[in-house]
Amino acid sequence: MPEKIEPLANGAKEPVHDVAVLGGGSFGSAMAKVLGENGHRVHFWMRDEAQAEEVRTTGINSRYMPGVEIKGDIRPTTDLADAIGKAEIVFVAIPSKAFRTVIRENSSKFRDGQIVVSLTKGIEAHGFKLMSEILLEEIPRCRIGVLSGPNLASEIVNRDLTATVIAAKDPDVRRTVQDLLGCEYFRVYANVDIYGVELAGALKNIYAIVAGLASALDMGENANAMLITRGLAEMSRFAVSLGANPMTFMGLAGVGDLIVTCTSSKSRNFRIGYAVGKGQKLDDAVAELGQVAEGIYTLELVKEKAEAIGIYMPLVRGLYEILYGDASISAVINSLMMSVQNSDVEFILPRTIAE
Ligand SMILES: NC(=O)c1ccc[n+]([C@@H]2O[C@H](COP(=O)([O-])OP(=O)(O)OC[C@H]3O[C@@H](n4cnc5c(N)ncnc54)[C@H](O)[C@@H]3O)[C@@H](O)[C@H]2O)c1
Ligand SMILES: O=P(O)(O)OC[C@H](O)CO
């Protein structure tokens, strides 16, 4: 049992809930820590028994969160069915490439009406599916939510002040997640635009790689601001064309997450861009990182999708040509700078067609 249950932001102590966190990486560890400190019983599922045993005996996940003690009633397990079975609410922090497989293999273990919240910021290659869409397909009888925002795991575990967004259609899902996670250093805002919140979380990883590249080249603060803002224009153009609400991009899950990921070397996507900007090969940078940087996969999928539906995404195309083609960084920068000068905010002034 935890030594002390901190009161939540509303001053009341919540009843203890059984929650499951699926995924023993950086973000699963960070969310397990918040939930444990808030007094909940956390069934923390990870694949690796040695890692589970380490968390069980020392409270530390040294591979993904070295030196951080995950306090409270944390119950690490490699038995996924047991974790789901015991939980009232399930949080899923599994990389997008493995997300469907893990959920599908255990779909019969989820209960009717059980709340399942995706923490994953990626897109499935086959069919361009977001994680909430996978959940709806695999476990349609559950109530689905998506948590996304400017949430560097390494800061959350330090109890650095942080805000995030829970997006769900069901108000009870939104309220439950706010109550479970909210505390003196973690605030949870609500949104109903699941698709926009989720797509924003996936797309910003691409622009974080771009920002890392720019930082490696020491392009200057004006250039950084230009890249972030044009990244926002590009990602909202794309997302809105697929049905997202443009206003979502003004919120924490949109511009908030874009800012943190594009300005912090704590972001793994930023670090990949920085390494490539310093001349490292992409594969070597990924191997050295040793953690997931979803943006490198999202980039390929978004480039393909944007071309298929005719959405202009010059930063996506330029980054793709650098990472996966043979374009030099300077040639891409030159072509971006010399393209047609266009509208700032296209929701006010439509873009001219020629580019
Ligand atoms: N780390 C952050 O700051 C952060 C913040 C918000 C959201 N996210 C998102 O959370 C998701 C998970 O990222 P992370 O940071 O925890 O990654 P990570 O690289 O730190 O850890 C990945 C975890 O997934 C596990 N895993 C990999 N393949 C698996 C499989 N086939 N089956 C089961 N488990 C598997 C690994 O064992 C590891 O425990 C990503 O989509 C990421 O974008 C991360
Ligand atoms: O480390 P990254 O680049 O995966 O980013 C982590 C979070 O998504 C930031 O909100």
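Counting only Cα atoms, the size of the range 274-317 along its three principal axes is 35, 19, 11 Å, in decreasing order. Only aspartates and glutamates eight or more places from Lys266 in sequence, or on another chain, were considered; those with a Cα closer than 12 Å are Glu155.
Mean separation of Cα pairs under 8 Å and 6 or more residues apart, divided by the residue count, gives the chain a relative contact order of 13 percent. If you take the Cα centroid of the range 137-172 and the Cα centroid of the range 213-275, the two points sit 20 Å apart.
Our compactness index for the chain, the C-alpha radius of gyration over the empirical 2.2 N^0.38 Å, is 0.99. Count the DSSP beta bridges whose two residues both fall in the chain, then state the antiparallel fraction as a percent rounded to the nearest 5. If we restrict to bridges inside the chain, about 20 percent are antiparallel.
Highest mean packing comes first when the peptides 200-210, 166-176, 221-231 are listed by Cβ atoms within 10 Å, giving 200-210, 166-176, 221-231. Charging the Cβ of each Asp and Glu at -1 and of each Lys and Arg at +1, and nothing else, the dipole of the range 92-247 about its Cα centre rounds to 320 debye. Summing Cβ point charges (Lys, Arg +1; Asp, Glu -1) relative to the Cα centre of the range 202-337 gives a dipole of roughly 260 debye. Counting 0.36 nm for each residue step from Arg351 to Lys281 and taking away their Cα separation leaves a gain of 21.6 nm.
What Kirkwood Rh does the range 131-254 have if only Cα atoms enter the pairwise 1/r average? Answer in Å. Computed over Cα pairs of the range 131-254, the Kirkwood hydrodynamic radius comes out at 15.7 Å.
When the listed pairs Lys169/Lys281; Lys71/Lys305; Lys33/Lys97 are checked against a 32 Å cut-off, the alpha-carbon distance exceeds it for Lys169/Lys281; Lys71/Lys305. Here the spin labels are modelled as points 7 Å beyond Cα on the Cα-Cβ line, and at Glu69 and Arg56 they lie 2.0 nm apart.
If you take the Cα centroid of the range 42-110 and the Cα centroid of the range 289-322, the two points sit 30 Å apart. Model label sites at Ser339 and Arg175, defined 7 Å from Cα along the beta-carbon direction, differ in position by 4.6 nm.
A full extension of the chain between Val192 and Thr78 corresponds to an added length of 37.7 nm, given 0.36 nm per residue minus the alpha carbon distance.
Legend: calculated FRET efficiency, Met226 to Gln291, from the Cβ-Cβ distance at R0 = 30 Å, rounded to 0.05, equals 0.55.
Excluding ligands, DNA and RNA, what is the solvent-accessible area per residue of the chain at a probe of 1.4 Å, expressed in Å²? Per residue, the chain has an accessible area of 44 Å². Simple rule: put +1 on each Lys or Arg Cβ and -1 on each Asp or Glu Cβ in the range 225-355, find the dipole, and look at Phe249, Val286, Tyr312; the Cα lying farthest toward the positive end is Phe249.
Placing one equal scatterer on every Cα of the range 202-337 and applying the Debye formula, the log10 ratio I(q)/I(0) at q = 0.13, 0.14 Å⁻¹ is -0.49, -0.57.
Size of the range 1-159: Rg and Dmax of its alpha carbons, in Å, are 15.1, 47.
If the segment from Asp18 to Leu136 were pulled out straight at 0.36 nm per residue, it would be longer than the present Cα-Cα gap by 40.2 nm. Name the residue from Asn205, Ser29, Val42 whose Cα lies farthest towards the positive end of the charge dipole of the chain, charges +1 on Cβ of Lys and Arg and -1 on Cβ of Asp and Glu. After comparing all options, I get Val42. The charge dipole of the chain, taken about its Cα centre with unit charges on the Cβ atoms of Lys, Arg (+1), Asp and Glu (-1) only, comes to about 240 debye.
The values are calculated or read from the model by the stated rules, or taken from the named source; none is laboratory data. Quick caveat, the model's predicted, so the values are computed rather than measured. Heads up, the Cβs are rebuilt from the backbone with ideal geometry, glycines too, and the neighbour counts pull from every protein chain shown. The area values use the complete protein model at the heavy-atom level, side chains included, leaving out ligands, DNA and RNA. Shrake-Rupley method; radii C 1.70, N 1.55, O 1.52, S 1.80 Å.
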